[in-house]
Amino acid sequence: MFKRYFSLGRKILFSSLLLGAVVALLAGSVQMMIFHHKRAQQFDIIIHDLQKYLDNYFGELLNTVDKLQPLTMSRCSDVSSELTSRAAFSLNVRAFLLVENGHAKCSSATGEMNVPMKQLVPQVDVSKALDLTILPGTPMMPQRPAFALWVRSPLLENRGVFTSINASLMPWILYSSRQNQFSGIALIANGTAISTYSPKPQPASLLKDTPIRTAKINGLPLTVNVYGNTWASENTQFSLLMGVMCGLLSGLLCYYVLTVRLRPGKEITSAIKRNQFYVVYQPVVGAESMQIRGVEVLMRWKHPTAGEIPPDAFINFAEAQQLIVPLTRHLFELIAKDAPALQNLLPPGAKLGINIAPAHLMAESFKQDLRDLSSMLPANYFQLVLEITERDMLNQRQAVTLFEWLHHEGYEIAIDDFGTGHSALIYLQRYSFDYLKIDRGFVNAIGTETVTSPVLDAVLTLARKMSLVTVAEGVETQEQANWLRQHGVNFLQGYWISRPLTLEKLVEAHGKPENYFTTT
Ligand code: G
Ligand code: G
Ligand code: MN
């Protein structure tokens, strides 16, 4: 029993740890997945917003440039004021240049001019219909990077509009400052990149890691890249913490539920509260008269799911759990409740045999518990007989004084299951018993193994010499009863006389002539 109890404890601990670990893993990874999904969504939104912003911006700019194309056919002096005002109203535009035959002829900033484009912006190829590149600076703002956009006139191949645009990342930096989910942005045109990683344009190949999202801008060789980590360390930390917390909580909960709710020890306590224990009474009759002289009280447990649990199992368990004292006290209460009814059935002086567990016998509360029982029973009616097994008497000195006390208080003592333990004969000499209950193993043997039962014979002779009153347990046949009678056994108990009965059944059986035991 003890072994089972401890291995159960270990099992509970193991299950709780396992559950805790599994829940921790599950909760942690679910949290991670949620974060990951959220992040992916945020990146999608960011790149989508950026693309929309840039599409709009460059779309408008291309629109303006288209409107400027006809001006390339006019003289600079005629159109320079319009050029200037267009530049002023175009966000971020530094200058518009009207180009003819590869020469810049008119500038929104400086008016009339005649400078070859190759000299002004060698990076731009005016033979293309459209070209976009990133410059480290323009003649007027050499330190400020700019986009250089060339759009050839759709009508006249030798003319076109060139524009330089502030490429400072201000709008995107502002944008990014609101979003701490990503670490950088880069705009790439013609293999040159301008990014939040460097104040100057640099070759796109120098950008360190691969972008987490990328998008192309409508109608232009321009790409926008967003950089960031799929995993944020604070998210990982949070997920870990979450996992650990959930795991700890569920592990503890599991441990609590398993220990407090499911441990059989607790079951005994709760079974007491829920009234699942009840008692049955097995009549003990005088061997000659066959009249009832007393009953042995036997406890039963009707478990709601496990059904009837035999006392051998739960008594041992209650002992191992240190619950035998409350259990026996409960038994005493049950007996006390039945006492008035028993009084009607049994003659005065009838014996109530109560099994006492060794652990209870040695408990401090034992004497007081017995006194409590006596005080709950009708005064001077029943004779209480404490049924004690041989193994209870290992502590000799304590047992001797206890037995003296019991006798002094008017209790009788029966040695139960006599013959099943060892050194039984020594005990007979050492202690003063009132009854000797012969184990049903001996009674069973009557008439089966040998015609005479030498051991039982010897025990009975000894008992007679020591003037001990004998009770035979487990009498199942007439033959056994006859043999026991002939050998001077005083009382009989067993299925042949009556099975253990509930109080109701005992009342029912009372007084019926076909029953062997009657009170009259
Ligand atoms: O008939 P039954 O199966 O009840 O008996 C099985 C064993 O349980 C017997 O050895 C009997 O002594 C023991 N037993 C039955 N009821 C009690 C009880 O109330 N207290 C103790 N300590 N043992 C009991
Ligand atoms: O306390 P003790 O160990 O004596 O408990 C008596 C036990 O013997 C109980 O379990 C009871 O149900 C059982 N019992 C009583 N009479 C008989 C009987 O005639 N035959 C058998 N096999 N068991 C019996
Ligand atoms: Mn008994």
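Worth pointing out:
- With contacts taken as Cα pairs under 8 Å and at least 6 residues apart, the chain reaches a relative contact order of 12 percent.
- The base-10 log of I(q)/I(0) for the chain, evaluated at q = 0.08, 0.13 Å⁻¹, reads -0.68, -1.17 [Debye formula, identical scatterers on Cα atoms, solvent excluded].
- Label separation (Leu155 vs Met141): 3.2 nm, computed from points 7 Å beyond Cα along the C-beta direction.
- Mean ellipticity per residue at 222 nm, deg cm²/dmol - from DSSP H runs of n ≥ 4 across the chain, formula -39500 (n - 2.57): -14500 deg cm²/dmol
- Compactness of region 68-166, expressed as Rg and Dmax over alpha-carbon positions, Å: 12.1, 35
- Near Asn166, once Lys and Arg are set to +1 and Asp and Glu to -1 for all other residues with Cβ below 13 Å from its Cβ, the sum equals +2.
- Near Phe238: Cβ cut-off under 14 Å, other residues only, Lys/Arg at +1 and Asp/Glu at -1. The net charge is +1.
- ³J(HN,Hα), Karplus 6.51/-1.76/1.60, whole Hz, each residue of region 16-28, x for Gly, Pro: 5, 4, 4, 4, x, 5, 5, 5, 4, 4, 5, 4, x
- Shape call, region 428-509: gyration tensor on alpha carbons, a/c limit 1.5: oblate
- Percentage of interatomic Cα-Cα distances in region 332-444 larger than 26 Å: 22 percent
- When each of Lys273/Lys302; Lys351/Lys437; Lys118/Lys208; Lys302/Lys505; Lys266/Lys367 is checked by Cα-Cα distance, pairs over 23 Å: Lys118/Lys208; Lys266/Lys367
- Unmatched cysteines, the chain - criterion: no other Cβ of a Cys under 4.7 angstrom: Cys246, Cys254
- Overall shape of region 266-509 was characterised from the C-alpha gyration tensor. The equivalent ellipsoid obtained from it has semi-axes of 28, 22, 18 Å, in decreasing order.
- Global geometry of region 1-160, whether rounded, prolate or oblate, following the gyration tensor of its Cα atoms and the 1.5 cut on a/c: prolate
- Net +/- balance of residues flanking Val115 in space, Cβ distance below 13 Å, scoring K and R +1, D and E -1: 0
Read-outs: derived from the displayed coordinates by stated rules, not from any lab. In this text the structure is predicted, and so the values were computed from the model without any measurement. As a convention, Cβ positions derive from the backbone with ideal geometry for all residues, glycine included, and neighbour counts pool all protein chains shown.
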